[in-house]
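No value in this document is a laboratory result; all are computed from the given coordinates. Just so we're clear, the structure is a prediction, and the values are computed from it rather than from any experiment. Quick reminder, even Gly has a Cβ in these numbers, built from the backbone with ideal geometry, and neighbours come from all protein chains shown.
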Amino acid sequence: MARAIVKVPARARRGEIIELRAIVAHVMETGFRRTETGALVPRDIIRQMVCRYNGVEVFRADFHPAVAANPLIVFTTLATESGRIEFRWTGDNGFAAAESAQITVE
Amino acid sequence: MILRALVLLLVLCAAARAEPPPAGRRSGYEFMGPGTRAMQDDDASNPAMLWVLDGEALWRARAGASGKACADCHGDAATSMKGVAARYPAYDSARKALIDLDQRVNLCRTAQQNAPAFEPESRELLALSAFIGRQSRGMPIDIAVPGEAQPLLEAGRAAFGRRQGQLNLACTQCHDRLAGEKLAGNPIPQAHPTGYPIYRLEWQGLGSLQRRLRNCMIGVRAEPYAYGAPEFVELEYYLMWRARGMKVETPAVRP
Amino acid sequence: MITRRAFLAAAAAAAAPAALQATPGAMSEAIRALTGGAPAPRGRVKLDVPELIENGNSVVLGVTVESPMTEIDHVRAIHVFAPLNPLPNMISVYLGPRAGRARFTTRVRVADSQTLVALAQLSDGSFWSDQVSVVVTLAACTEEVK
């Protein structure tokens, strides 16, 4: 099942600021909702997303229950070199997802 | 505030019903704020695309005793499914029944793939429905009404005009007469199902037209029809016919 | 005239022991935990969120901070808060000179009409902020009887 969609430009000029975009499938259960009988639905959220560019962390985000379901994050990074830009998500109940894309920088 | 709006509605009451004239029809897209529209416009921002990708995988997955995938009979969906969602619900003259797209998928599942039918609102069915619907994006809705199907269209039209529920409201009162006015701070759309299945912000997930119609019925405190009920398919038929010519937006985003 | 939302909120507060709103000081404490009490004046930060929210379940929110994003002068982190959500912290992002721009966009849940706050932490140790007051409307016709 599709866990994540990422958008990374295929090519860029060295030093160019590029936009990165990622959505991951996750219900982001807040832990504040109650069932019809009043029982609390336990929290189940993504806690963190890390973006690595050829292994070097370039962006990190800590998510709280206020982040909407199927979280989207859009940010920028400098196109420094060709290689792999990887997105990794971790969260409650051992949740883990990863997606990456190649970029050619000239 | 809602009470005031409802009193206004009851005072106006549903005398003659005026369907929006073809030129005056506007998609729910036009009633949304710019942020929500941007979500729909960009595949990399539209959470519904997560389901479309799942649907693509299901399209190619072997299923059931047949060991066949949708792709084995239908090939590349971009070609074979182009325009299909724009034509549903459709009257199946062999079965003498009105069938919507989800039912058609399940008919293929059971009859051709010898696999169990997908549950209504299951992730798989929604994914396939979103994937198939996506192949019609941008195409005009084109609903055929052969003679035998005319009474079914009329049944759908009658349901749209019938008062129901504890609030005793008919769909037409809000969605024909008062479209464009506000209810609870939000504009009332004309209720054209141009983008189903939709990612509804209220659900924070993807859902079918029937799910949305159930929400409407609960909204007027009526007992909603069961999923797959003929009343639902007739109402979907009427709504899609009423939206004929408008462009398919599947998978749309709505508040 | 008492609005329906206000009445329901009052009734819920009276009836339910569990609060679905953070305690009044929770956001201040959360901010203090980051700033250590240092000032965080308005400026340099732009919090982008629609003032009228059609559905509080998913609101596009962006923050941009003016910064050259060089080694010696960049934004280290941006934090966003909702004082009237059950928890005040919404999201925190950590950047550096490789970001190019101090900017991000996401989608958040806003539980009620309130003033959202964005806080930026700069590499020189200073803090800057912005805030936007938003009004949240209810979706009509849902699965629950409201």
- Grab every C-alpha pair in chain B, bin the distances at 10 angstrom width from 0 up to the longest one, and report whole percents. 7, 30, 37, 20, 6, 1
- Summing +1 per Lys or Arg and -1 per Asp or Glu among the other residues with Cβ less than 10 Å from C:Val134's Cβ gives -2
- Divide the volume of the convex hull of the Cα atoms of segment C:58-146 by its number of residues and quote the answer in cubic angstrom per residue. 98 Å³
- Message: Calculate the FRET efficiency for B:Met139 and A:Thr37 from the Cβ-Cβ distance with a Förster distance of 41 Å, rounded to the nearest 0.05.
- Response: 0.35
- Task: Rank the residues A:Phe63, A:Phe87 as a footprinting-exposure proxy: fewest other Cβ atoms within 10 Å of their Cβ go first.
- Result: A:Phe87, A:Phe63
- Rg and Dmax of the protein assembly as shown, Cα atoms, in Å? 24.6, 76
- Query: Just from the alpha-carbon atoms, what are the Rg and Dmax of segment B:119-255 in angstroms?
  - Reply: 14.7, 42
- Query: Which whole number gives the average count of other chain Cβ atoms within 10 Å of the Cβ atoms across peptide B:213-225?
  - Reply: 2
- Message: Starting from a Cα-only point model with no solvent, please compute log10 I(q)/I(0) by Debye for chain A at q = 0.13 1/Å.
- Response: -0.51
- May I ask for the distance between the Cα centers of segment A:48-79 and segment B:177-192, given as a whole number of Å? 37 Å
- Tell me, C:Ser133, B:Ser136, B:Ser27 in order of fewest to most beta-carbon neighbours within 10 Å? C:Ser133, B:Ser27, B:Ser136
- Across 5 Å bins from 0, what is the distribution of all Cα-Cα pair distances for segment B:156-233, in whole percents? 3, 14, 22, 30, 22, 8, 1
- Task: Tell me the label-point distance for the pair C:Ser113, B:Ile2, using the 7 Å Cα-to-Cβ offset, in nm and rounded to one decimal.
- Result: 1.7 nm
- Which FRET efficiency value, to the nearest 0.05, is calculated for C:Lys46 and C:Val135 with the Förster distance at 22 angstrom and r the Cβ-Cβ distance? 0.65
- Message: Out of all DSSP beta bridges in segment C:22-136, what portion is antiparallel? Express it as a percent rounded to 5.
- Response: 90 percent
- Could you state the per residue volume, in Å³, of the convex hull enclosing the Cα atoms of segment B:48-134? 92 Å³
- Message: Net charge within 11 Å of B:Ala77 by Cβ-Cβ distance, Lys/Arg positive one each and Asp/Glu negative one each, not counting B:Ala77 itself?
- Response: +1
- Rounded to the nearest 20 debye, dipole of chain B from Cβ charges on Lys, Arg, Asp, Glu: 420 debye
- B:Ala111 to A:Asp44: FRET efficiency via 1/(1 + (r/R0)^6), r the Cβ-Cβ distance, R0 35 Å, to the nearest 0.05? 0.35
- Message: Along the Cα→Cβ direction, 7 angstrom out, place labels at C:Thr142 and B:Arg244. What is the inter-label distance in nm?
- Response: 3.7 nm
- Task: Determine, for A:Val27, C:Val75, the number of other Cβ atoms within 10 Å of each Cβ, and report the residues in order from fewest to most.
- Result: A:Val27, C:Val75
